[in-house]
Amino acid sequence: MNLILFRYLLKHFVFIFIATLLALTAIIMLFDVIELLRRAAKHENIEFLNILVLALLKSPQMIHIILPFVTLIAGVIFFLKYSASSELIVMRSVGMSVWNFMTPIITFVFLLGIFNITVFNPITAMTAKQYERLEERIGMSSSHLFSWSEKGFWLREADDEQTTVLRATRVRQQKNDVVLDKVSVFELTPNGSLTRQIEADFALLSQGVLTLPNAFIINPVLEESQTKKIESFKTVFSLERIFERFDEPRTMSFWRFPQFIQFLQEAGFATAEHRMYFHELIAFPVTLVAMLLIAAVFTLPPTTRQGKTLVRVVSAISCGFVLFTLGQLAHTVGLSQSLPFVLAAWGPSLIVIPLCISALLHLEDG
């Protein structure tokens, strides 16, 4: 294919794609601002600037969600533009097939999908965490009790009199209980002063009670320490609350998934949510290509069959929603583990793509 023509087609599609993306993002951000203002009305002293920052921090997550629909709509606009003009007729008259015409667009969309999961997804994960922290800081959500990093696990519980912070190097599930290794418990005053520190080789979290056998207790106020055979106290920490913090794959970078899934498996926790989302991210470029092919099937008919533009546009968008619905259904089936994760993530797109290729070949042959 001529390089100049390749660049010409790609330039026009990228312009339409960016314009569509900006328009849809602006509309979604407007609705996000309205929703955040509604939530902020229940709290005092929340500035409008914070609302705007929250909407901006949330926008990368929304862009990831709407990218397939942006691809579909941009493809519909682009293909309609050329099918209604004499440019496509000229290209066909010199022997160009529909595949020559679509090659630069498919290439761009596929590479965009790879860019999204490898570069943009980590940015999305970072902004999602910033969104949660700002929500906590301005009082629109409660503080998270649990966090995980390569340095260990952190649990936090606070009331008006005391804040308790627990750190463990490893955590694992044992039936309905949680076992924590190399545990440190810090009891702090509301102003952050340490009142007591407890060290133990392991601890058992069961039914709202944290038990630390052979606990070494340090009291910096009295400047004394002691060892107790068993130290226990009530806590709001529970297996369910830890699960709540694990089940947030959308706030995690693509590159951290393999390591984190391995950790969950070693700890005995469920990995279905994270494994399913990870496979969906890998399949994302193929999903974008499927959306583009749907747009092409309904908006690139032979010149003798043009007409009924509105019907073709509605049909293309409807089929795009069908693909999206199939993806959501496959996601649910995959989480139930009734279907392998790979098949659930890739299945809808790999069903649609051959159908679209067959339809385009049929249309191309007239």
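The values are calculated or read from the model by the stated rules, or taken from the named source; none is laboratory data. As the structure is a prediction and not an experimental result, all values here were calculated from the model. Note that each Cβ is placed from the backbone with ideal geometry, even for glycine, and that neighbours are counted across all protein chains shown.
A few comments on the model shown:
- Pairs meeting the criteria (first residue in region 37-57 and in contact (Cβ under 8 Å) with a residue 12 or more places away in the chain and closer than 15 Å to ARG137 by Cα, second residue hydroxyl-bearing (Ser, Thr, Tyr) and part of a helix (DSSP H, G or I), beta carbons under 6 Å, at least 6 apart or on different chains) are LEU57/THR127; LEU57/TYR131.
- Residue check for PHE6: aromatic (Phe, Trp, Tyr) and at pLDDT below 85: yes
- Filtered by the rule that a residue be surrounded by 13 or more Cβ atoms within 10 Å (Cβ to Cβ) and either not aromatic (Phe, Trp, Tyr) or not assigned by TED's automatic domain parsing to the domain that holds LEU188 (or both), region 210-224 gives LEU210, THR211, LEU212, PRO213, ASN214, ALA215, ILE217, ILE218, ASN219.
- Region 70-122 - residue that is surrounded by 15 or more Cβ atoms within 10 Å (Cβ to Cβ) and of a type in the set (Ser, Thr, Tyr) and, of those, farthest from LEU9 (Cα to Cα): THR71
- The lone criterion from (1) without any contact (Cβ under 8 Å) to a residue 24 or more places away in the chain; (2) within 16 Å of PHE69 (Cα to Cα) left unmet by ILE16 is number (1).
- Tally of residues being closer than 23 Å to GLU161 by Cα and part of a strand (DSSP E or B) across region 181-214: 17
- Criterion violated by ALA26 - all others in (1) surrounded by fewer than 18 Cβ atoms within 10 Å (Cβ to Cβ); (2) small (Gly, Ala, Ser); (3) in contact with a Ser or Thr (Cβ under 8 Å, 6 or more places away or on another chain) satisfied: (3)
- Of everything listed in (1) modelled with pLDDT under 80; (2) under 19 Å from PHE263 (Cα atoms), the single unmet condition for ASP159 is (2).
- Restricting region 161-180 to residues that are on the phi < 0 side of the Ramachandran plot and assigned to a loop (DSSP other than H, G, I, E, B), the residue that is nearest to the chain's Cα centre (by Cα): ASN176
- Residue count for region 14-72 satisfying the condition of being assigned to a loop (DSSP other than H, G, I, E, B) and in contact with a helix residue (DSSP H, G or I) (Cβ under 8 Å, 6 or more places away or on another chain): 1.
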